[in-house]
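The values are calculated or read from the model by the stated rules, or taken from the named source; none is laboratory data. Just so it is clear, the model here is predicted, and its values are computed rather than measured. Note: ideal-geometry Cβ built from the backbone for every residue, glycine included; neighbour counts use all protein chains shown. Only protein heavy atoms, including side chains, enter the accessible area calculation; ligands, DNA and RNA are left aside. Shrake-Rupley method; radii C 1.70, N 1.55, O 1.52, S 1.80 Å.
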Amino acid sequence: MQHRSVGDVMTREVVTARPDTPFKEVAALFHRNDITAIPVIDDQGRPLGMVSEADLLRKEAVLPDPEGRFPGRWLDAGDRARAEAETAGGLMTSPAVTARPGWSVPEAARAMDKHRVKRLPVVDEAGRLVGIVSRRDLLEVFLRHDAAIRDEINHDVLGQTLWLTPGDVVVGVHEGVVTLRGRLPRRSLIPITEQLCRAVDGVVAVHAALDWTEDDTDPHLEHPRAYRAAS
């Protein structure tokens, strides 16, 4: 089974800033390149942090209402210092949460979810920036055609991995949702089959209605017989 990696989906031409890049130049970079965040890098090209539109908007949020009716948003000392910053180095969220080109798409998704970020600078073994990956990039795997998903499950999962006879399991795929119908030689293969199918890029969900020939999950059975899975 071949899975797309971060290196396959990342953007390689990355707009960056330096710690001394002025506030207005950061805003201009966003506007000119139609982006919402940029990595801040050092002289060796290593990410130091990230600056997003939210970091720039913080400067507006702390200002009082022009008519004096509402005070500006209260911020703690650290956030207020960033709101008052004049350069990318003062604005950025640091340290940068990074990814590696060899990471799988699920690995990158877990890192984004854990750290609650929308994008990850991608670095090489020396820590130098080589790309950037966003939530949108990771979602590209769900653009795979149903036929491609079905072919991969039939060939890679059922054929090459589980060594099943063609026709033992019939695979259907609609809008990324996989259905499995048929008979497996052993009951213990059912969860394994489902898990392998879920791991295929582009699969949204797996629904299995599978029978088994031998129940190898019941230690009390000395002579396993044919059973039918409960639906």
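The residue list Gly159, Gly167 contains one member that is of a type in the set (Gly, Ala, Ser), open to solvent by 30 Å² or more (accessible area, probe 1.4 Å) and either at pLDDT below 95 or assigned to a helix (DSSP H, G or I) (or both), which is Gly167.
For region 1-22: of the residues being over 16 Å from the mean Cα position of the chain (by Cα) and crowded, with 16+ Cβ neighbours inside 10 Å, which is nearest to Trp103 (Cα to Cα)? Before the answer, list the steps.
So the first thing to find is which residues in region 1-22 are over 16 Å from the mean Cα position of the chain (by Cα), and the list is 1-2, 12-22.
From what is left, the residues that are crowded, with 16+ Cβ neighbours inside 10 Å are 14, 16-17, 19, 21.
On the way: Val14: 19, Thr16: 22, Ala17: 25, Pro19: 28, Thr21: 31 Å.
The selected residue is Val14.
Once region 111-125 is narrowed to residues that are touching a Lys or Arg at 6+ places or on another chain (Cβ under 8 Å) and of a type in the set (Lys, Arg), the residue that is surrounded by the fewest Cβ atoms within 10 Å (Cβ to Cβ) is Lys118.
Determine which member of the set Arg128, Arg100 is of a type in the set (Lys, Arg), surrounded by fewer than 16 Cβ atoms within 10 Å (Cβ to Cβ) and modelled with pLDDT of 95 or more.
Of the residues listed, the single one that is of a type in the set (Lys, Arg), surrounded by fewer than 16 Cβ atoms within 10 Å (Cβ to Cβ) and modelled with pLDDT of 95 or more is Arg128.
Here region 144-156 is the region considered, the condition is being open to solvent by 30 Å² or more (accessible area, probe 1.4 Å) and among the acidic types (Asp, Glu), and the residue that is nearest to Val9 (Cα to Cα) is Asp146. Of the numbered criteria (1) part of a helix (DSSP H, G or I); (2) open to solvent by 50 Å² or more (accessible area, probe 1.4 Å), the one Pro95 fails is (1). Taking the numbered list (1) modelled with pLDDT of 90 or more; (2) open to solvent by less than 40 Å² (accessible area, probe 1.4 Å); (3) not in a strand (DSSP E or B) in turn, Ala229 passes all entries but (1). Taking the criterion of being loosely packed, with under 14 Cβ neighbours inside 10 Å and either more than 23 Å from Ala83 (Cβ to Cβ) or among the aliphatic types (A, V, I, L, M) (or both), the residues of region 28-41 that qualify are Ala28, Arg32, Asn33, Asp34.
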